[in-house]
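Chemist: Handing you a structure now.
None of the figures in this text is laboratory data; all of them are computed from the coordinates on show. The model shown is predicted, which means the values in this text are computed figures rather than measured ones. So basically every Cβ, Gly included, is an ideal-geometry build from the backbone, and we count neighbours across all protein chains shown.
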Amino acid sequence: MMGADVSGKGDFNQQGLQKLDAEASSPAIAVIVSRTTISDAALAQLAKYKNVRRVQAVGSPLSDAAIAQLQSALPGLTVRK
């Protein structure tokens, strides 16, 4: 995901969600955010994608609570911030 996939609020915009929807049938998705940061709201959006296995958002201001909530919804998920 690039800056064009994330809104100014740090959540995924329509373009970003369309990219995720296109991968929804894949066995596993790795969400790697570069050249931008995401927020806790973006993590909440990812919960519906049951095949997300990894989120890498280095430098993003993600709270431990939001990460724990997403990991609870998606067992086996790893998050690197």
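Chemist: Within a 10 angstrom radius of the beta carbon, how do 17, 43, 70 rank from fewest other beta carbons to most?
Modeler: 17, 70, 43
Chemist: For the stretch 3-80, what number results from the quotient of the Cα radius of gyration and 2.2 N^0.38 Å?
Modeler: 0.98
Chemist: Separate question: Long-range amide H contacts for residue 32: which residues qualify at under 5 Å (H placed 1.01 Å from N, peptide plane, sequence gap of 5 or more or a different chain)?
Modeler: Close amide H contacts, sequence-distant or interchain: 56.
Chemist: If r is the Cβ-Cβ distance from residue 69 to residue 26 and R0 is 25 Å, what FRET efficiency results, to the nearest 0.05?
Modeler: 0.60
Chemist: Right, something else. Would you look at the GNM of the chain, springs on alpha carbons closer than 10 Å, and say which of 60, 39, 25 moves the most?
Modeler: Result for the chain, Cα springs under 10 Å: 25 fluctuates most.
Chemist: If you place +1 on the Cβ of every Lys and Arg and -1 on the Cβ of every Asp and Glu, how big does the dipole about the Cα centre of the chain come out, in debye to the nearest 20?
Modeler: Magnitude of the dipole: close to 160 debye.
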